[in-house]
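Structure, as structure tokens:
The values are calculated or read from the model by the stated rules, or taken from the named source; none is laboratory data. Because the structure is predicted, anything quoted here is derived from the model rather than measured. Cβ placement follows ideal geometry from the backbone for every residue including glycine, while neighbour counts extend to all protein chains displayed.
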């Protein structure tokens, strides 16, 4: 099953709230015939668009091919949260790579957060960065860990933007009795994710990038000048960047074995009007501590945008049914509220939940799988890929050298083994373990 077409119409954005409120983007042409470029980028999400933009600004001739539309994949469907730090916390990273490199990864993530803001400002992208992300804890033990971690981040990393929340404080902020406490990260924030991707696409095109949509990469021929074969043409280049995330498929089986595509889902309610303040009293985003994370925020027109649930097959389930269940567990007052939009998408994860960055060949780079931390880190990783094309990049080497295992069974068995693992962890969520 090709995930590019398993659940979506060819060349069309999914019928999401984001697509309904997206800024206009005229279609880019379909690739026709044989073309050449210094650099070819496969994938039109944050990472590929960022790589193409930064390469063009550095004077390189760039072609980007995208199977559907720019920002069509996870970049245009996600929860919109721009996180602080990496997907793994600093305690985990210090155990993984040591204190010094963990600090460098923290700094890189903070630079990524700032890069998102800088791109919005510099290219006048019509997106508002709204600060504040709440981490909502279900148990007293999780609250204690969150508060201890906040104190440690202030002491050891100089990061004093984590406000500790007890149960009454989190209840006032997010309007739910479900949580014991948590923290509010004033350095994180949230944006309209599709409009951000569209903005980068427009900036890349203006910088000289030739973007081709509805142009699926079908095969790669490696060599001194790699070739990318599509159904309607061929790109021959000096350097190739693979940035297809969960939709990369089997273009490179060895790389695919490091990356697992998984599906996630979102709902958008009808506008809530004054009732919105009973959901969130301030314009913050929220993510909870479940293994299968629930995340939510309010739209500019006061809809609840709620994401979560999980899918263990290629086909999407009944999304409204799947996501309404955790939504009502947190917000029973949403019972009976009309759902105007429901959509799903495919992201990618790795065994250690850190980006999979690899030099497949001297002139072929691949990166993906920011594991739900993609707005900031995918955008930054695209910039790092651009740097690695024309110069030595310490940041590329740092990410590429992270301990990264292939999924057991490689590309062939990764999906059934993931089903077993995710079933176990989701069962733990339901049992409150």
Considering region 48-94, residues that are part of a helix (DSSP H, G or I) and free of Cβ contacts under 8 Å to residues at least 40 places away in the same chain, and then whichever is surrounded by the fewest Cβ atoms within 10 Å (Cβ to Cβ), we arrive at 92
Quiz item: Any residue at all in region 225-240 that is touching a helix residue (DSSP H, G or I) at 6+ places or on another chain (Cβ under 7 Å), assigned to a helix (DSSP H, G or I) and either closer than 30 Å to residue 140 by Cα or modelled with pLDDT of 95 or more (or both)?
Solution: no
Residue 386 meets each of (1) at pLDDT 95 or above; (2) over 18 Å from residue 243 (Cα atoms) with one exception, condition (2)
Picked from region 8-21 (must be crowded, with 18+ Cβ neighbours inside 10 Å and part of a loop (DSSP other than H, G, I, E, B)), the residue farthest from the chain's Cα centre (by Cα) is 8
Reported set for region 258-279 where residues are surrounded by 15 or more Cβ atoms within 10 Å (Cβ to Cβ), modelled with pLDDT of 95 or more and part of a loop (DSSP other than H, G, I, E, B) is 271, 272, 279
The strands (runs of 3 or more DSSP E) lying entirely within region 280-350 that contain at least 3 residues which are modelled with pLDDT under 95 and surrounded by 18 or more Cβ atoms within 10 Å (Cβ to Cβ) are 304-311, 339-349
When residue 407 is run through (1) over 21 Å from the mean Cα position of the chain (by Cα); (2) modelled with pLDDT under 90, the failure sits at (1)
By residue number, the members of region 264-282 that are touching a strand residue (DSSP E or B) at 6+ places or on another chain (Cβ under 9 Å) and over 17 Å from residue 18 (Cβ atoms) are 272, 276, 279, 280, 282
Of the residues in region 213-247 that are on the phi > 0 side of the Ramachandran plot and within 28 Å of the chain's Cα centre (by Cα), the one that is surrounded by the fewest Cβ atoms within 10 Å (Cβ to Cβ) is 214
Checked 319, 375, 339 against criteria (closer than 30 Å to residue 403 by Cβ and touching a strand residue (DSSP E or B) at 6+ places or on another chain (Cβ under 6 Å)); the one match is 375
Exception for residue 156 within (1) closer than 26 Å to residue 104 by Cβ; (2) touching a strand residue (DSSP E or B) at 6+ places or on another chain (Cβ under 8 Å) falls at (2)
message: So, residue 75, is that one closer than 17 Å to residue 3 by Cα and touching a helix residue (DSSP H, G or I) at 6+ places or on another chain (Cβ under 7 Å) or not?
response: yes
